[in-house]
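Colleague: Have a look at this one.
The values are calculated or read from the model by the stated rules, or taken from the named source; none is laboratory data. These figures come from a predicted structure and were not determined experimentally. Keep in mind that these areas ignore ligands, DNA and RNA; they rest on the heavy atoms of the full protein, side chains included. Shrake-Rupley method; radii C 1.70, N 1.55, O 1.52, S 1.80 Å.
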Amino acid sequence: MSDARCKGPTGRRDTAAFAITPPQIVGPFYPIRERPDLASDLARPLGSAAEAQGQLIYVTGRVLTRSGEPVAHALIDIWQANAAGKYRHPSDMNPAPLDPNFKGFARLTADASGRYSFRTIKPGRYPTAEGEIRPPHIHLTVEGRFDRLVTQLYFAGEAENLTDRWLNAAPHPDRLIVNLQEPPPHLEKHAMIAHFDIVLASG
């Protein structure tokens, strides 16, 4: 996420204010019939015999207020398609296969410093009912003390980012796009890292 500062009411640069993370639609595939895994590893959910298929990624970040204060213990729901672009949802008509080792729905809590992290796989692109192709993205719902934000995380370099109507409807699409980077030595060599800070209006 860009760490660009916002302009204050006078039009001058306000160095104490962070840019709010743009909201996005919930979409049709929020897993209302599923119980979320209360763990931070979507790539191997509880009870799975093996790892999920796809590019392993770690997503880390902080939940902050516009003034940069941490939002302690924010509740975060995460849901996404698998590596083939298929949601585990009865309304998903995409003929792509389900992954028996990927549930794609988890709930976690940020720590006292607003930090969060989770391990997952990069979701695949998929067709919509209107014939468009959505770029890879991860849905997040973030509940702080006062605010509830629904948003989506996208990945740099995806061709569909340029045409996706939901991403480009955001006031600042670049705030929703992350770069995948090489992992530090203590993580799997084939994994990638993404950093995504989430900024709420009031916290």
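Colleague: Using the Karplus curve 6.51 cos²θ - 1.76 cosθ + 1.60 with θ = phi - 60°, what ³J(HN,Hα) values do you get for each residue of the range 37-46, in whole Hz, with x for Gly and Pro?
Modeller: In residue order, the calculated couplings are 6, 8, 8, 9, 10, 7, 6, 8, x, 4 Hz.
Colleague: How many percent of DSSP beta bridges within the chain run antiparallel, rounded to 5?
Modeller: 75
Colleague: Need one value: the accessible area of T60 in square angstrom, 1.4 angstrom probe, rounded to the nearest 10.
Modeller: 50
Colleague: Jot down the per residue volume, in cubic angstrom and as a whole number, of the convex hull over the alpha-carbon atoms of the range 21-98.
Modeller: Dividing the Cα hull volume of the range 21-98 by its residues yields 129 Å³.
Colleague: Sort I133, I177, I121 from largest to smallest accessible area, using a 1.4 Å probe on the heavy atoms of the protein chains.
Modeller: Ranking I133, I177, I121 by accessible area, largest first, yields I133, I177, I121.
Colleague: Which log10 I(q)/I(0) values does the range 42-143 give at q = 0.17, 0.21 Å⁻¹ under the Debye formula, counting every alpha carbon as one identical point scatterer?
Modeller: -0.80, -1.05
Colleague: Follow-up. Using the heavy atoms of the protein chains and a 1.4 angstrom probe, tell me the accessible area per residue for the range 66-121 in square angstrom.
Modeller: Using a 1.4 Å probe on heavy atoms only, each residue of the range 66-121 averages 41 Å².
Colleague: Continuing with the same structure: For the chain, what is the relative contact order in percent, using Cα pairs closer than 8 Å and at least 6 residues apart in sequence?
Modeller: Relative contact order of the chain: 29 percent.
Colleague: Setting aside same-chain residues fewer than 8 positions from K189, which aspartates and glutamates have a Cα under 20 Å from its Cα?
Modeller: Of all the aspartates and glutamates, those that pass the test against K189 - Cα under 20 Å, at least 8 places apart if same chain - are D41, E51.
Colleague: Springs between alpha-carbon pairs under 10 angstrom, Gaussian network model over the chain: which of R119, R33, R134 fluctuates most?
Modeller: R33
Colleague: Could you work out the per residue convex hull volume over the alpha carbons of the chain, in cubic angstrom?
Modeller: About 131 Å³ per residue, rounded to a whole number.
Colleague: Shifting gears a bit: Find how much the distance from L75 to A112 grows on full extension, using 0.36 nm per residue of separation minus their present alpha carbon separation; answer in nm with one decimal.
Modeller: Gain on stretching L75 to A112: 12.1 nm.
Colleague: Per the 1.4 Å probe, what fraction of the accessible area of the range 47-203, in percent, lies on carbon and sulfur atoms? Display every interim value, and only then the final one.
Modeller: On the way: 3760 of 7140 Å².
The C+S portion of the solvent-accessible surface of the range 47-203 is 53 percent.
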